[in-house]
Every structure is written in structure tokens, then in C-alpha cells.
1. Could you rank Glu45, Glu93 by how accessible they are, 1.4 Å probe, largest area first?
2. So what is the accessible area of the chain per residue, in Å², with the probe set to 1.4 Å?
3. Using only C-alpha atoms and all pairs of different ones, pull out the Kirkwood radius for the chain in Å with one decimal.
4. Can you give the accessible area of Arg97 in Å² (nearest 10), computed on protein heavy atoms with a 1.4 Å probe?
5. Given the C-alpha centroids of region 1-23 and region 63-87, what is the distance between them in whole angstrom?
6. Can you bin region 1-55 into rounded, prolate or oblate? Criterion: square roots of the alpha carbon gyration tensor eigenvalues sorted a ≥ b ≥ c, rounded for a/c under 1.5, prolate for a/b above b/c, oblate for the rest.
7. Between Glu88 and Cys17, what FRET efficiency comes out of the Förster formula 1/(1 + (r/R0)^6) with R0 = 22 Å and r the beta carbon distance, rounded to 0.05?
8. Tyr48: accessible area at probe 1.4 Å, nearest 10 Å²?
Amino acid sequence: ATGKLMHGFRKWYYNLCGFNKLGLMRDDTINEDPDVKEALRRLPEAYYNERMFRVKRAMDLSMKQQILPKEQWTKYEEDVHYLQPYLEEVIRERKEREEWMKK
């Protein structure tokens, strides 16, 4: 029962955030620090191009103060953490490098 409640809460919060109404995915909203920039550089070209399309479309909609029709919103179930594996790898490598430099 607790799992269903948490899933429902996550879904509610996901929709409350609003980025999905612009067609963005959760990983599209991550602040671009040096680690994220490196992870983006490592993304396969198709993922990168899809991300850039979503970001540009969202910027255009935001400037027009519009949102997508509801059937085009990113659904919670369809949101994929496409950047996370690359970001985790970059962070792991950076920490490893920092440990190496301490020695």
C-alpha cells in the first residue's frame, strides 16, 4: 500500500512541476554544471538531438507563454533517465581522479 501511495505522490509531483507540459523530460531540466556538460558530450548523437529538439521547443513555447496540447505532454511512465548513466560515470571518474591527485 505504501508503494502505491508513493508512486501516486511521485506522479502527482511530476505533473505539478510543469516541465512535462512543455514536452521536456526530467533529465532535460538538470542544471548544466561541468559534470553534466561532460555527460552531454558523451551522449549518443540521437539522444543529444532529441534533447536539443525538446529544449528548443520548450524555450519557444515558454516565450509564447503556451503549453503543448495535453496529448503531447511527457507522461510520467514515459520519462526515461537517459542522461543518468553517463552522469554517474562522469562523477565516478571525477572522484577517482580527485582521489588520485591527493596521493
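1. These residues rank, largest area first, as Glu45, Glu93.
2. For the chain, the per-residue accessible area is 76 Å².
3. 15.6 Å is the Kirkwood radius here.
4. 130
5. 13
6. prolate
7. 0.50
8. Accessible area of Tyr48: about 90 Å².
The values are calculated or read from the model by the stated rules, or taken from the named source; none is laboratory data. Quantities reported herein were computed from a predicted structural model and do not represent experimental measurements. Glycine also receives a Cβ, built like all others from the backbone with ideal geometry; neighbour counts cover every protein chain displayed. Side chains are part of the model used for accessible areas, which takes the heavy atoms of the whole protein and leaves out ligands, DNA and RNA. Shrake-Rupley method; radii C 1.70, N 1.55, O 1.52, S 1.80 Å.
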